[in-house]
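Working notes, structure below.
The values are calculated or read from the model by the stated rules, or taken from the named source; none is laboratory data. The structure displayed is predicted, hence computed values, not measured ones. Glycine gets a Cβ as well: all are built from the backbone with ideal geometry, and neighbour counts include every protein chain shown.
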Amino acid sequence: MEQQRQEKKQVILSGIQPTGVFTLGNYLGAVRNWRAMQDEFDCAYFVADLHSLTVRQDPAELKKHSLEAFALLLAAGIDPEKSLVFIQSHVPAHAELGWILSCYTQFGELSRMTQFKDKSAKHKDNINAGLFDYPSLMAADILLYQADLVPVGADQRQHLELTRDLAIRFNGIYGDVFKVPDGYYSKNGARVMSLQDPTKKMSKSDTNQNAFISILDEPAVIINKFKRAVTDSETEVAFREGKDGINNLMTIYSAITGKTMDEITAEFSGRGYGDFKMAVGTCVAETLTPIREEFSHLMKDRAYLQEAYRKGAETAAYVAGKTIAKVKKKVGLLPVK
Ligand code: ATP
Ligand code: LTN
């Protein structure tokens, strides 16, 4: 028994919203690390389409982005033979547990979420209940799979804390129902900033195309965007306070090449920003090219993609089904049979 327990891999779960084509930030900050975790852990990754409904979406675009997001996960090396990969809305237990958990989440707790405050300031005309309740659904995503670890960026830390609080609260009332998860904030998870305003994070929903690198951008486009990246009026490639633009480019270069900041400074000593930008653009283009090619190959094979997400939904429904059945029983919902 003890041996069996040791052999069981820890469960990892994370999600990404289909709000656009993934950026270099999503790749270096999240998906690349998800790929690296597949051998060591029992991983589940999903496209959080229900979450993206919290901001008004064009139906045709959402459908397109959801399929693309699924294909991008596979193209970036998430292997459906190793990991559970699926689309959130294909597994009704997410919405069911989301509702149940929202009845255990306090108004005050949700009011304190900085993402809610930020997004409601950004979408003043559509501050809907889903946007407010976003964290209860996210908690459901995580708790359904009894996840041990949740790799997310620091922006999601508050949601993770709330998930832990909800799990502890629920277990306190009904006994051991949920595994209490930990956030996993990888040291390798570079935080990539906007190329046009390096004090803001690079975001796939940015309206300025030059602010982000899409992981499907062609090499020439990538190099052009790096050439135009906002820097400062100095010439030394050095990681220093106040040099946000250069710091960001150095972070990207370091995340891809594995070089330290000192090594990068030495490499570009006396060469100026032009050469450095070219080098960053080139290494990013080289990293993204195989993903772009694999993506275009996958998108030509709809039958394969459909079968992959169908299988993912089936397995996910089985795993999530066990938890939701237990929850319904605990809270006293009358079973159909
Ligand atoms: P949106 O633009 O719609 O707000 P987003 O690009 O911020 O989306 P999410 O779907 O919210 O992306 O996040 C997916 C994952 O990528 C999360 O784990 C998040 O922390 C990570 N991530 C997003 N942007 C960056 C970034 N610029 N640098 C590093 N990691 C990032
Ligand atoms: N809120 C996350 C996306 C997300 C998620 C999750 C991440 C939805 N459900 C469950 C981890 C676990 C985001 O915006 N990055």
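Do we find a residue being more than 14 Å from ligand 1 (Cβ to nearest atom), in contact with a Phe, Trp or Tyr (Cβ under 7 Å, 6 or more places away or on another chain) and within 26 Å of K322 (Cβ to Cβ) anywhere in region 50-69?
no
So L13 clears everything in (1) under 12 Å from the mean Cα position of the chain (by Cα); (2) modelled with pLDDT under 95 except one condition, right? Which one?
(2)
Conditions: (1) more than 10 Å from ligand 2 (Cβ to nearest atom); (2) under 20 Å from V11 (Cβ atoms); (3) touching a residue at least 12 places away in the same chain (Cβ under 8 Å). F132 meets all but one. Number of the miss?
It fails just one condition, (2).
Would you mind stating whether I222 is within 24 Å of the chain's Cα centre (by Cα) and closer than 21 Å to K187 by Cβ?
no
For region 194-273, which fully contained helices (runs of 4 or more DSSP H) count at least 3 residues that are crowded, with 20+ Cβ neighbours inside 10 Å and modelled with pLDDT of 95 or more?
Of the helices (runs of 4 or more DSSP H) lying wholly inside region 194-273, those with at least 3 residues that are crowded, with 20+ Cβ neighbours inside 10 Å and modelled with pLDDT of 95 or more span 219-227, 244-257.
So if I check each of D182, D165, D197, which one is out of contact with any Gly (no Cβ under 7 Å at 6 or more places or on another chain), away from ligand 1 (no atom under 16 Å from the Cβ) and more than 22 Å from E68 (Cα to Cα)?
On inspection, the qualifying residue turns out to be D165.
Cβ-Cβ below 8 Å, separation at least six or inter-chain, first residue in region 172-200 and of a type in the set (F, W, Y), second part of a loop (DSSP other than H, G, I, E, B) and within 14 Å of ligand 2 (Cβ to nearest atom): which pairs?
Correct list of pairs: F178/Q146; Y184/V152; Y185/V152; Y185/G153.
Among the residues of region 22-48, what is the count of those that are away from ligand 1 (no atom under 11 Å from the Cβ), over 24 Å from M193 (Cβ atoms) and buried (at least 17 other Cβ atoms within 10 Å of the Cβ)?
Residues that pass the stated criteria total 7.
Could you tell me which numbered condition H159 fails, if it satisfies all but one of (1) of a type outside the set (F, W, Y); (2) at pLDDT below 95; (3) within 13 Å of ligand 2 (Cβ to nearest atom)?
Only one criterion in (1) of a type outside the set (F, W, Y); (2) at pLDDT below 95; (3) within 13 Å of ligand 2 (Cβ to nearest atom) is unmet by H159, namely (2).
Check whether at least one residue in region 302-316 is of a type in the set (D, E) and either closer than 30 Å to L13 by Cβ or in contact with a Gly (Cβ under 9 Å, 6 or more places away or on another chain) (or both), and report yes or no.
Scanning region 302-316, I find at least one residue that is of a type in the set (D, E) and either closer than 30 Å to L13 by Cβ or in contact with a Gly (Cβ under 9 Å, 6 or more places away or on another chain) (or both), so the answer is yes.
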